[in-house]
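Step one of this worksheet: look at the structure below.
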Amino acid sequence: MNIKKVVITKGIYLNRELRLLVSFDENDKPVDIINLDITKVGEYYEASVEKVLTDIDACILKLDSGDKGFIENKKLNPDEFIYRHSDKKLVCQADKLYVKITQDRNYSKPYSCAFSSIEEYEKSKGFGFLDYYIKEFCNEDIDIISDLADLKVSGMEIRFYQDDSVSLWQIYDLTKILDSVISMRVNLSKGGNIIIEKTEALTVIDINTGKNYGKTSFQETNLIAAKEIARQLRLRQLSGMFVIDFLKVSKEEQQEIIDVFKVACKDDMSQISIHGFTNLGLLEITRSRIFSPIVLAF
């Protein structure tokens, strides 16, 4: 895995206080930015069925945290119940059971959940999101730094930072990082840029030569862009359908772009599917959602 350092801190951004987990790779480039006030992925809760959606074989849950949960039809088959209202149906209103959160809420939508056993729930006591993140996505030699005194991670040491003259937020220049993450434009290393524009249905990404026209080939810019797009999808926690408009390429160059993009995505925690180039030369991909995008905070 490419995460070498995790910084957990809080600060003010756009007049709002944020508690963030920001991870960095071996070159001190940010990998993930996760809003700790929203995310609950990997956590276990006791839940009661609030409503059964019979038309889609799903149900709405009320978690003991006060949040709403959702279980889709493919997962609607619990093995164990705390309380079962009726054994004539898979689940009924007022049933009680244990669940694990698998996806963060998305704006007004509830958290996506999966049913859990009583044994898993009991083992998870004291196990929170930070434990889940460190266990699933980080190496054992990870460096964890925080200025939040109440944090704990099972089996891991957190290096506590305390300096009233300069905060972790300032040291790692998180305001600048957040500015870049919510910006539509991303500059590329050898000139050119990409524009990321989210619409209601999908996200459109455009590659431009900018002032770099004629200094590098179209394909060189495309390959640099492919690597950066893979990084930006994870950093911004974007999900759904994407259409990417690369610079003019041949059929052979299209395959090279796909190969480079696959390698760049290999460490992504979300599932990325590459659907290929359309007749218009647009690359279509999809990315599953795990964490909420940081823009949810604004």
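The values are calculated or read from the model by the stated rules, or taken from the named source; none is laboratory data. Everything numeric in this text was worked out from a predicted model, so none of it was measured. All Cβ positions, glycine included, derive from the backbone under ideal geometry; neighbour counts span all protein chains shown.
So the values come out like this:
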{"item": "The stretch 275-288, residues that are touching a helix residue (DSSP H, G or I) at 6+ places or on another chain (Cβ under 6 Å) and more than 11 Å from Asp245 (Cβ to Cβ)", "result": "Arg287"}
{"item": "When residues of the stretch 117-151 are limited to those that are at pLDDT below 90 and hydroxyl-bearing (Ser, Thr, Tyr), the one surrounded by the fewest Cβ atoms within 10 Å (Cβ to Cβ)", "result": "Ser117"}
{"item": "Boolean, Asp67 is closer than 21 Å to Gly126 by Cβ and surrounded by fewer than 20 Cβ atoms within 10 Å (Cβ to Cβ)", "result": "yes"}
{"item": "Criterion (surrounded by fewer than 22 Cβ atoms within 10 Å (Cβ to Cβ), modelled with pLDDT under 95 and under 24 Å from Met269 (Cβ atoms)) met by exactly one of Ser239, Ser217", "result": "Ser239"}
{"item": "Number of positions in the stretch 88-135 that are outside any strand (DSSP E or B), under 29 Å from Arg236 (Cα atoms) and either out of contact with any strand residue (DSSP E or B) (no Cβ under 9 Å at 6 or more places or on another chain) or polar (S, T, N, Q) (or both)", "result": "9"}
{"item": "Matching strands (runs of 3 or more DSSP E) fully within the stretch 1-80 where at least 2 residues are at pLDDT below 90", "result": "44-53, 58-63"}
{"item": "Qualifying residue in the stretch 126-136 (condition: of a type in the set (Val, Ile, Thr) and farther than 20 Å from Lys5 by Cβ)", "result": "no"}
{"item": "Candidate set from the stretch 179-214 (those that are assigned to a loop (DSSP other than H, G, I, E, B) and out of contact with any helix residue (DSSP H, G or I) (no Cβ under 9 Å at 6 or more places or on another chain)); member that is surrounded by the fewest Cβ atoms within 10 Å (Cβ to Cβ)", "result": "Glu200"}
{"item": "Residue in the stretch 26-47 that is crowded, with 20+ Cβ neighbours inside 10 Å and farther than 30 Å from Asp143 by Cα present", "result": "yes"}
{"item": "Ser239 vs. criteria in contact with a strand residue (DSSP E or B) (Cβ under 6 Å, 6 or more places away or on another chain), under 14 Å from Val204 (Cα atoms) and hydroxyl-bearing (Ser, Thr, Tyr)", "result": "yes"}
{"item": "Residue list for the stretch 152-178, restricted to those being in a loop (DSSP other than H, G, I, E, B) and surrounded by 14 or more Cβ atoms within 10 Å (Cβ to Cβ)", "result": "Val153, Met156, Tyr161, Ser167, Tyr172"}
{"item": "Elements of type strands (runs of 3 or more DSSP E) contained in the stretch 215-298, each with 1 or more residues being touching a Pro at 6+ places or on another chain (Cβ under 8 Å)", "result": "none"}
{"item": "Contacts under 9 angstrom Cβ, first residue in the stretch 173-192 being farther than 14 Å from Arg231 by Cα, partner surrounded by fewer than 18 Cβ atoms within 10 Å (Cβ to Cβ) and polar (S, T, N, Q), 6 or more apart", "result": "Lys190/Asn212; Lys190/Thr216; Gly191/Thr209; Gly191/Asn212; Gly191/Thr216; Gly192/Thr209; Gly192/Asn212; Gly192/Thr216"}
{"item": "Among (1) exposed (fewer than 13 other Cβ atoms within 10 Å of the Cβ); (2) of a type in the set (Gly, Ala, Ser); (3) within 20 Å of Ser217 (Cβ to Cβ) - the single one Ser273 does not satisfy", "result": "(3)"}
